[in-house]
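First the structure, in the form of structure tokens, and then the observations on it.
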Amino acid sequence: MAVGKTKKKWYSVVSPTFKNAIIGETLGSDEKDLVNRKLDVNYMSLTNDPKSQNVRMVFKIKDIKDNNVIADVVGYELTLSYVKRLIRKGSNKVVDSFIYDTKDNTKVIIKPLIITRYKTNKGVLKNIRKSVREFLTEEVKKYDYNDLINLIAHNTLQRALREKIKSIYVLNYLRGEFFYASVAQW
């Protein structure tokens with residue numbers, strides 16, 4: 001064995017957001033090297049639901065305890081190939097990006113993806129975008145960061161938003177991408 005080389009070992013990655021379920025494993029030689037490492041996990045592998053195979057969750061390692069690595073959710077996004085398949089000829093795509101504050105003063109960026117059923121004029125699209133921003137501003141304030149992640153992951157927030165927008169225009173699809181940014185990064 002060469003001098004100065006340390007043996008690498010496997011660490012189990014758990015997430016408190018998913019009731020300390022094991023979301024994967026990572027290889028590392030030193031525990032300090034694992035902190036701030038990001039992991040991409042397919043949401044289908046967490047839920048065993050094939051309908052959620054087009055969602056990718058990003059975790060960031062925060063701490064290490066007893067050979068278990070603790071990771072928090074820092075991203076929830078749709079795969080690019082899935083988004084391309086959704087958009088059809090004869091419909092409009094409404095995309096927006098805005099920074100919101102949660103109940104525990106965590107800054108999050110939410111990028112909703114809204115696809116109309118038919119071609120729509122700019123005034124209706126503007127009203128949809130405006131009502132989405134108003135709805136998300138009020139709803140995000142009500143929840144802590146982990147509660148908001150659970151709402152987005154289980155499509156509860158998206159269904160409530162769809163019901164609100166349904167009075168303006170009939171939608172074909174409403175889903176959201178979610179990105180997290182800590183206060184220090186802003």
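We did not get these values from a lab; they are worked out from the coordinates using the rules stated. The structure presented is a predicted model; accordingly, all values stated were derived computationally and were not measured. For neighbour counting, all protein chains shown are included, and Cβ atoms are generated from backbone atoms with ideal geometry for every residue, glycine included.
Using a cut-off of 10 Å between beta-carbons, work out the net charge of the residues near PHE59 (Lys and Arg +1, Asp and Glu -1, PHE59 not included). Before the final figure, lay out each step's value.
Numbers: positive: ARG37, LYS38, LYS60, LYS62; negative: ASP40, ASP72.
Around PHE59, the surrounding residues sum to +2.
Check cross-link reach from LYS84 to the lysines: straight Cα distance under 18 Å, and skip same-chain residues fewer than eight apart.
LYS51, LYS93, LYS111, LYS119
May I ask you to sort LEU125, LEU27, LEU157 by Cβ crowding, counting other Cβ atoms within 10 Å and putting the fewest first?
LEU27, LEU125, LEU157
Would you mind classifying the stretch 65-136 by shape? Square roots of the alpha carbon gyration tensor eigenvalues, ordered a ≥ b ≥ c; an a/c under 1.5 is rounded, otherwise it is prolate if a/b is larger than b/c and oblate if not.
Taking the square roots of the gyration eigenvalues as a ≥ b ≥ c, the stretch 65-136 is oblate.
At q = 0.13, 0.16, 0.17, 0.21 Å⁻¹, what log₁₀ I(q)/I(0) does a Debye calculation on the Cα points of the stretch 88-185 give, no solvent, two decimals?
One equal scatterer on each Cα of the stretch 88-185 leads to -0.44, -0.65, -0.72, -1.03.
Can you list the chymotrypsin sites (Phe, Trp or Tyr not before Pro) in the stretch 35-127 that are in a DSSP coil and have 11 or fewer other beta carbons within 10 angstrom?
TYR118
Excluding LEU171 itself, calculate the net charge of residues whose Cβ lies under 9 Å from the Cβ of LEU171, where each Lys or Arg counts +1 and each Asp or Glu counts -1.
Around LEU171, the charge tally is +3.
Points 7 angstrom from Cα along the Cβ direction at LYS51 and ILE109: gap in nanometres?
Simple spin-label model gives 3.0 nm for this pair.
Under the classification rounded if a/c is under 1.5, otherwise prolate if a/b is larger than b/c and oblate if not, where does the stretch 9-78 fall, given a ≥ b ≥ c as square roots of the Cα gyration tensor eigenvalues?
prolate
Counting only the backbone N, which residues of the stretch 97-111 are under 14 Å from the spot 7 Å out from the Cα of ASN146 toward its beta-carbon?
104
If neighbour count is taken as other Cβ atoms inside 10 Å, put LYS93, LYS84 in order from fewest to most.
LYS84, LYS93
In what sequence do VAL14, VAL73 fall when counting other Cβ within 10 Å, fewest first? Walk me through the numbers on the way to the answer.
Working: VAL14 19, VAL73 24.
Going from sparsest to densest Cβ surroundings: VAL14, VAL73.
Which option, [x] 10, 41, 40, 9, 0; [y] 9, 27, 24, 20, 14, 5, 0; [z] 8, 32, 31, 17, 8, 3, 1, 0, is the value of P(r) over Cα pairs in 10 Å bins from 0, in percent that was calculated from these coordinates?
Recomputing P(r) over Cα pairs in 10 Å bins from 0, in percent here gives the entry labelled [z].
Once you place label points 7 Å from the Cα toward the Cβ at MET44 and LYS93, how far apart are they in nm?
Roughly 2.1 nm, to one decimal.
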